[in-house]
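Participant: Here it is, the structure in full.
The numbers here are math on the coordinates, done by the rules we state, and not lab data. This one's a predicted model, so the numbers in the text were calculated from it and none came from an experiment. Here Cβ is always computed from backbone atoms with ideal geometry, including for glycine, and neighbour counts include all displayed protein chains.
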Amino acid sequence: MTTKKVIFKIMLLFLLVGCKSAQQKQEDRMAEKLRQMATISIPTSSSIQLADDVAYLASDELMGRDTGSEGIEKAATYIEDRFKRLDIKPFYDTYRDNFEIKEKPAFNVVAMMPGSDGKLSKEIVVIGAHYDHIGHIAAVEGDSIANGANDNASGTANVLAIAQILKKLDFNRRTVVFALFSAEEKGLLGSKHLAKRMKAEGHNVVAMLNFEMTGVPMKDSPNITYLTGYDMSNMGEIFNAANTKRVATGKLAKAEEFNLFKRSDNYPFYAEFNIPAQTFCTFDFTNFAHYHKVGDEPSEIDGRHMADVVDALMPGVLNVLNKNELKLTTKTNG
């Protein structure tokens, strides 16, 4: 063997040892972060900020946030400004994910926080809600604006609150995409567009957490939220195990009866990626009388309850972002 070959093999050996050492250091750092999860102090959400977000998004100024309207443009700008102030960057070149409905412009608002783990950062967890509503409807006592405070300024505010907490923590091994969808009220068109786009672009979406109508507490329920498609994954079990202080989520018979699993923005991500993709909700069909009515005003929303929802679910959110426990099951329901 020539001297050059010997030197090359020695250099290759040192390189392999160095790479292994660097990989081991990365794995050790991640193992330490997982150990820290047991003692991590999660910041609480602000009921005042949540109420402020709902108050603006559901104000008369935004005229019910119908897709394609001046009001939804203002809503999108407000959401973008919230992400900018949090220093959370756009997922694409800008925050807007543009599409068209019958040749009219529409747009989702999409931001992201990169993951910290070299391997898991290639996996994406989408946290989303729709920010559109139905605009003007038949007037009741002179009021024709369907403000959409519970549906779904509340879910939008939840996503922004979760983004704010995650930014403070800086503790996500997986990449997080925060997606606020337009045209949900027209048939889940915004979420269908983004799910198909992310699939076509080769993004590895592994979970989707959706928030819908979370502004009012459920009646006589031990769990603070319910989860659509509860038996389709172990998501509910994970969120309840992660929070030892209260029952974070559960089933609702009405959700199964009306097949709500397929009726919100979680479903397109399930359809495209075959992943755990489910919706957290607190509308139980008895606790809110203003669905798609002019009475869905900010005054009907409970800011303290919305903060409780976020705080109850945050341990589960961290589990999904950092561990490998979430999986689909073979069962199906609403």
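Participant: Suppose we filter the range 211-257 for residues that are touching a Phe, Trp or Tyr at 6+ places or on another chain (Cβ under 6 Å), part of a loop (DSSP other than H, G, I, E, B) and not small (Gly, Ala, Ser); how many remain?
Facilitator: Number satisfying all stated conditions: 7.
Participant: Which of the residues that make up the range 235-287 are among the hydrophobic types (A, V, I, L, M, F, W, C), surrounded by 22 or more Cβ atoms within 10 Å (Cβ to Cβ), out of contact with any Asp or Glu (no Cβ under 7 Å at 6 or more places or on another chain) and closer than 30 Å to Ser144 by Cβ?
Facilitator: Listed by number, the residues that qualify are Leu260, Phe283.
Participant: Next question, about the same structure. Sort through Gly142, Gly187 and tell me the only one that's within 16 Å of Pro268 (Cβ to Cβ) and not hydrophobic (A, V, I, L, M, F, W, C).
Facilitator: Numbers: Gly142 fails: within 16 Å of Pro268 (Cβ to Cβ).
On inspection, the qualifying residue turns out to be Gly187.
Participant: Also, I was wondering about something else. Which ones in the range 101-132 are buried (at least 18 other Cβ atoms within 10 Å of the Cβ) and farther than 16 Å from Glu184 by Cβ?
Facilitator: Here is the first cut: in the range 101-132, the residues buried (at least 18 other Cβ atoms within 10 Å of the Cβ) are 106-113, 115-117, 120, 123-132.
Answer for the range 101-132, where residues must be buried (at least 18 other Cβ atoms within 10 Å of the Cβ) and farther than 16 Å from Glu184 by Cβ: Ala111, Met112, Met113, Gly115, Ser116, Asp117, Leu120, Glu123, Ile124, Val125.
Participant: I'm checking my understanding of the structure. Among residues of the range 52-67 that are in a helix (DSSP H, G or I) and crowded, with 19+ Cβ neighbours inside 10 Å, which one is farthest from the chain's Cα centre (by Cα)?
Facilitator: Going residue by residue through the range 52-67, those that are in a helix (DSSP H, G or I) are 52-57, 60-62.
Filter again for crowded, with 19+ Cβ neighbours inside 10 Å, leaving 53-54, 57, 62.
Details: Asp53: 16, Val54: 17, Leu57: 18, Leu62: 23 Å.
For the range 52-67, the residue satisfying everything is Leu62.
Participant: Starting from residues that are surrounded by fewer than 24 Cβ atoms within 10 Å (Cβ to Cβ) and touching a strand residue (DSSP E or B) at 6+ places or on another chain (Cβ under 7 Å), keep the ones in the range 184-193 and report whichever is nearest to Val110 (Cα to Cα).
Facilitator: Within the range 184-193, the subset surrounded by fewer than 24 Cβ atoms within 10 Å (Cβ to Cβ) is 185-189, 192-193.
Imposing the further condition that a residue be touching a strand residue (DSSP E or B) at 6+ places or on another chain (Cβ under 7 Å) reduces the set to 185-186, 189, 193.
Numbers: Glu185: 18, Lys186: 19, Leu189: 15, His193: 12 Å.
Filtering the range 184-193 for residues that are surrounded by fewer than 24 Cβ atoms within 10 Å (Cβ to Cβ) and touching a strand residue (DSSP E or B) at 6+ places or on another chain (Cβ under 7 Å), the one nearest to Val110 (Cα to Cα) comes out as His193.
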